[in-house]
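The values are calculated or read from the model by the stated rules, or taken from the named source; none is laboratory data. This structure is a prediction, so every number in the text was calculated from the model and none was measured. As a convention, Cβ positions derive from the backbone with ideal geometry for all residues, glycine included, and neighbour counts pool all protein chains shown.
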Amino acid sequence: MTVALAPADTEAWPIYVLGTDDVALWAGQQSDRIRTWVEASGFKGAIGSVLMIPDDLGHPEAALVGYGTPAARKRDRFALSAAMAKLAPGTYRIACGIDDDQLEQEALGWLLASYSFDRYRENTADCATLVTPKGVDGDRVNIMAEAEFLTRDLINTPASDMGPEELETAARVLAKTHGAKITVTTGDALLKDNFPMIHTVGRASDRAPRLIDMSWGNRGPKITLVGKGVCFDTGGLNLKPGSSMGLMKKDMGGAANVLGLAHMIMASGLDVRLRVLIPAVENAVSGNSFRPQDILTSRKGLTVEINNTDAEGRLVLADALTLAAEDNPDLIVSMATLTGAARVAVGPDLAPYFTDDDVVATSLDLSARRMADPVWRLPFHAPYEAMIEPGIADLDNAPKGGFAGSITAALFLRRFVNENDRYIHFDIYGWQPTAAPGRPKGGALQGARALFAALPDMMDL
């Protein structure tokens with residue numbers, strides 16, 4: 001779907017955005033007709049409340065939108081978007097009520113609230129359109145919304161229509177849109193080109209595993225994004241129960257998020273040399289599934305003891321991260337729906353990330369608040385390194401005990417980049433479990449917008 005902010009000079013009805021303490025003051029400054037209408041309506045300015053103001057002939061003249069209290073707004077984000085679906089179809093402009101430093105965030109939330117996954121069911125509802133607020137870069141907001149919609153569409157598509165081949169197709173479409181180069185290594189060619197763990201995880205499926213490699217840009221710092229593309233995860237021979245398998249179409253959420261981030265970078269024309277690596281597999285069950293207690297040799301040469309075939313995401317990421325590090329980029333970022341431990345630690349709304357670079361962390365934390373894309377730093381805690389060393393092999397893919405699961409997974413991945421690499425790992429959920437303003441239930445972009453906004457500061461662009 002395509003949505004965008006309207007140009008600043010578009011004719012539109014004014015929206016008066018009023019907090020609960022602003023309604024009486026605003027109404028008292030209006031004509032007797034409008035004041036009486038507001039008082040009779042019982043409009044109190046709660047978040048999500050809407051009141052259309054008619055002219056003398058009963059046609060829409062303006063709209064009031066509730067903005068609640070500062071305390072209420074702190075409990076969520078995109079407060080303006082809570083009212084979007086309740087407005088009469090038409091075009092609107094913000095007349096007052098939102099601070100300048102919040103206008104971009106609220107304009108973006110408006111667009112995000114208009115999303116509908118319509119691949120299997122037509123959506124004919126007309127959404128209210130917002131005029132680009134004064135001082136807001138409308139193109140930038142539109143690009144961020146496009147990226148989020150791309151990510152949501154990919155995650156929301158069921159595995160029947162979003163396997164490794166279809167994920168490759170999505171990457172090829174994005175590459176063609178932006179003039180990027182793309183190569184794909186598929187099936188047994190993964191063994192020939194030394195991606196053994198990607199092949200091992202994906203070989204049990206009749207949908208061939210692959211490594212997608214996209215590159216764009218010819219100047220500036222080198223940034224490599226690595227996204228987990230497990231298009232469906234049965235758990236392998238450590239088969240998941242049905243209740244845990246129900247959302248596994250979203251296990252390629254890391255890949256979907258890096259494609260969304262890549263779109264933002266390329267569409268904005270950032271002066272970077274971008275590379276995107278996606279190991280795309282389906283973790284299925286068949287006679288040639290890899291087994292618990294198997295020992296795999298990775299592209300880097302490190303051996304890995306398999307103690308749970310359901311901890312497969314870190315295996316495919318390991319080979320891709322090794323390839324990323326061989327190119328000596330200035331920044332490596334991995335994004336993955338990797339561990340349930342991360343959800344236990346921070347819930348579904350926060351995107352935990354790991355980095356050893358305090359400058360990177362500061363940039364990320366500041367941009368996350370500005371972009372309404374919350375993140376939380378977790379540590380690469382070196383004393384836990386022993387937990388991922390089983391003795392029989394270099395590494396253990398699923399340490400026993402259950403403690404610090406997100407940290408041990410991040411430490412596992414860090415073993416496959418170089419010691420001095422600037423590396424960030426995101427352990428995201430990639431899913432909005434209940435609808436919220438600007439965020440319908442379903443696939444979600446997490447951390448990518450914060451990282452996009454932080455890149456200019458982080459990379460001296």
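Structural remarks
- Annotation note: Cβ proximity below 9 Å between a residue of region 277-297 that is closer than 30 Å to residue 171 by Cβ and in contact (Cβ under 8 Å) with a residue 60 or more places away in the chain and a residue that is aromatic (Phe, Trp, Tyr) and surrounded by 15 or more Cβ atoms within 10 Å (Cβ to Cβ) (sequence gap 6+ or interchain) occurs for 279/195; 282/232; 283/232; 284/232; 296/290.
- Pair list, Cβ < 7 Å and 6+ apart or interchain, from region 28-53 residues that are in the same structural domain as residue 68 (by TED's automatic domain parsing) to residues that are among the small types (Gly, Ala, Ser) and in a loop (DSSP other than H, G, I, E, B): 43/49; 52/88
- Of all residues in region 363-386, none that is under 10 Å from residue 447 (Cα atoms) has its Cβ atom under 9 Å from the Cβ atom of a residue that is surrounded by fewer than 14 Cβ atoms within 10 Å (Cβ to Cβ), 6 or more apart or on another chain.
- For region 409-456, a residue qualifies if it is assigned to a helix (DSSP H, G or I) and in contact with a Gly (Cβ under 7 Å, 6 or more places away or on another chain), and exactly one does: 448.
- Set 399, 379: member being modelled with pLDDT under 95, farther than 30 Å from residue 83 by Cα and touching a helix residue (DSSP H, G or I) at 6+ places or on another chain (Cβ under 8 Å): 399
- Scanning region 422-461 for residues being surrounded by fewer than 21 Cβ atoms within 10 Å (Cβ to Cβ) and β-branched (Val, Ile, Thr) gives a total of 1.
- Qualifying positions in region 97-107 - more than 17 Å from residue 366 (Cβ to Cβ) and either touching an Asp or Glu at 6+ places or on another chain (Cβ under 9 Å) or of a type in the set (Val, Ile, Thr) (or both): 97, 98
- Within this structure, residue 93 fails the test of being among the basic types (Lys, Arg), within 23 Å of residue 225 (Cα to Cα) and either surrounded by 14 or more Cβ atoms within 10 Å (Cβ to Cβ) or touching a strand residue (DSSP E or B) at 6+ places or on another chain (Cβ under 8 Å) (or both).
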